[in-house]
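The structure under discussion appears below in the form of structure tokens.
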2 protein chains.
Amino acid sequence: MPEATGQAAPKAKRPTRDQRREEILAAATRVFGSKGYHQGSLVDVAAQVGITHAGVLHHFGSKDKLLWEVLEYRDRVDVQHLEGKHIPGGIELFRHLVTTARQNAERRGIVQAYAVLTGESVTDGHPASTWVAERFSVLRGEISQAVRVLADEREVTLPEGEPERAAAAVIAVMDGLQLQWLLDPAAVDLASGTEFAIESILTATLGAPVRIAAS
Amino acid sequence: MPEATGQAAPKAKRPTRDQRREEILAAATRVFGSKGYHQGSLVDVAAQVGITHAGVLHHFGSKDKLLWEVLEYRDRVDVQHLEGKHIPGGIELFRHLVTTARQNAERRGIVQAYAVLTGESVTDGHPASTWVAERFSVLRGEISQAVRVLADEREVTLPEGEPERAAAAVIAVMDGLQLQWLLDPAAVDLASGTEFAIESILTATLGAPVRIAAS
DNA sequence: CCACACTTACTTACTGGTTAGTAAGCCCGG
DNA sequence: CCGGGCTTACTAACCAGTAAGTAAGTGTGG
């Protein structure tokens, strides 16, 4: 809090443009996460920041643009989290996936946002559909590459398309478990379930037991 | 107005109550499937049947009730499909799951409806959330039971909670693959991907190779 | 066998609510 | 003193649900 002598008004300092934008993005993530994009309104978002919905539009122009920036924002934060640690490859990637699942069990909001937006995105003409499709595509690429690294290490040759199939299955099981966990957290253990499923898929793909130790 | 001679009028006969209800349920399945529950309106549904939205409300009372009946309708149709063939158990159940996946690849609309509603259902207070949660619960029960049957057949004893974990993983991988397939049908093969993933999970659970032959 | 009573299946018209987006102006800080 | 950040006020569209009226059937008593 600034200014003791000058004018010690208890008035809150007006945030800078970038601060406000970040506040709004965080609020929009919460709102779209808990209510979905269509059901979550700009009024909801604005209320969480303490302004009106017109104020939000002043910063982002339209609801669609806000959604796009929310998605980019999520990517930026996720990458920031790995800063310097370079994208892991081989077995390290799968360790990272399990670790993420473990962390996600403590961040229900983010998991919910991801699940809701992903599900919504398969509706006709949804503004996030290309983003989600692209995200899946990139993930499949990275994971199938890691599978190939493991295969090389163990000197097994995989049939054409097998790494991609395994990659799709790994992503699928993670998303699917999140869905079940969101609807009934007691029935599914996110971390151990993810680890078990990934190990199963890798073991079957490589033809030899694969273990993912603690990170 | 009518009446020329006798009454050879080419006038369309008014459908019976039950016919109309079925028409509306089918239309609602398409609408909620392609646009989601919140974004799909009663006007959309009504237009597909050639009546007004008030006509739809005459039959179903409210939008929420319509959704509930759509979900029940889906169950009824699915079960009808298995009529007489009793709910399969043991390896037969997994064969059935793969067969369903193969059929689903030809029924995009239904898969989309299921994916959209499931994703939407994790939003706060969604009218379908208890239905989806219940469905997951029942499926986990049936599949974990089938896993136990397989374990007994092979005389292996499974750790506490292991069948449930495998069941959750099987459901997860099916749902997740559907999502990826909807967004990029060329990147994922629904039938073979499902078969591969289920075999991987069962093999890892039972400690011995499990194959799912053609049904 | 048919007229009258009643029910069913809607339509039209409206209500109250919510939505995204626009326009104009106010106010504060640098 | 001026410009960005915001509010207030508004619009046009759309929504679910209600109410009342109407036309087309169905059942029934005479």
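For region A:58-84, filtered to residues that are of a type in the set (Lys, Arg) and modelled with pLDDT of 90 or more, the residue that is nearest to DNA strand D (Cβ to nearest atom) is A:63.
Residues that are in contact (Cβ under 8 Å) with a residue 40 or more places away in the chain and open to solvent by 80 Å² or more (accessible area, probe 1.4 Å) were ranked within region A:147-163; the one that is nearest to the other protein chains (Cβ to nearest Cβ) is A:154. Of all the residues in region A:82-127, those that are at the interface with chain B (Cβ under 9 Å from one of its Cβ atoms), part of a loop (DSSP other than H, G, I, E, B) and among the aliphatic types (A, V, I, L, M) number 1.
Against the condition among the polar types (S, T, N, Q), modelled with pLDDT of 95 or more and either more than 28 Å from residue B:69 (Cβ to Cβ) or part of a helix (DSSP H, G or I) (or both), how does residue B:130 come out, does it pass? I'd like the intermediate steps shown before the answer.
Values: among the polar types (S, T, N, Q): yes; modelled with pLDDT of 95 or more: no; either more than 28 Å from residue B:69 (Cβ to Cβ) or part of a helix (DSSP H, G or I) (or both): yes.
In short, no.
A count restricted to region B:29-43 and to residues that are within 14 Å of DNA strand C (Cβ to nearest atom) and either within 15 Å of the chain's Cα centre (by Cα) or within 14 Å of another protein chain (Cβ to nearest Cβ) (or both) stands at 3.
Take residue B:54 and decide whether it is within 15 Å of DNA strand C (Cβ to nearest atom), in a helix (DSSP H, G or I), surrounded by fewer than 16 Cβ atoms within 10 Å (Cβ to Cβ) and more than 14 Å from chain A (Cβ to nearest Cβ). In short, yes. Report yes if some residue within region B:7-16 is at pLDDT below 95, open to solvent by 60 Å² or more (accessible area, probe 1.4 Å) and of a type in the set (A, V, I, L, M); otherwise report no. Yes, region B:7-16 has at least one match. Of all residues in region B:30-57, those that are among the charged types (D, E, K, R) and within 11 Å of DNA strand D (Cβ to nearest atom) have Cβ atoms under 7 Å from Cβ atoms of residues that are open to solvent by less than 60 Å² (accessible area, probe 1.4 Å) and part of a loop (DSSP other than H, G, I, E, B), 6 or more apart or on another chain, in B:35/A:123.
Given the criteria at pLDDT 95 or above and either assigned to a helix (DSSP H, G or I) or of a type in the set (A, V, I, L, M, F, W, C) (or both), does residue A:141 qualify? Against the criterion (at pLDDT 95 or above and either assigned to a helix (DSSP H, G or I) or of a type in the set (A, V, I, L, M, F, W, C) (or both)), residue A:141 qualifies.
Within region A:176-195, track down each residue that is open to solvent by 20 Å² or more (accessible area, probe 1.4 Å) and not polar (S, T, N, Q). Answer for region A:176-195, where residues must be open to solvent by 20 Å² or more (accessible area, probe 1.4 Å) and not polar (S, T, N, Q): A:179, A:181, A:183, A:184, A:185, A:186, A:187, A:189, A:195. The residue that is nearest to residue A:165 (Cα to Cα), among those in region B:164-188 that are of a type in the set (Asp, Glu) and free of Cβ contacts under 8 Å to residues at least 40 places away in the same chain, is B:184. Would you check which residues across region A:64-78 are open to solvent by less than 50 Å² (accessible area, probe 1.4 Å) and either within 12 Å of residue A:27 (Cβ to Cβ) or of a type outside the set (A, V, I, L, M, F, W, C) (or both) and list them? The answer is A:66, A:70, A:73, A:74.
Of all the listed residues (A:121, A:144), the sole one being buried (at least 16 other Cβ atoms within 10 Å of the Cβ), touching a Pro at 6+ places or on another chain (Cβ under 7 Å) and not assigned by TED's automatic domain parsing to the domain that holds residue A:37 is A:144.
The values are calculated or read from the model by the stated rules, or taken from the named source; none is laboratory data. Keep in mind it's a predicted model, so treat the numbers as computed, not measured. Cβ coordinates were reconstructed from backbone atoms using ideal geometry, including for glycine residues, and neighbour counts include every protein chain displayed. Protein only, heavy atoms only, side chains kept; ligands, DNA and RNA dropped before computing areas. Shrake-Rupley method; radii C 1.70, N 1.55, O 1.52, S 1.80 Å.
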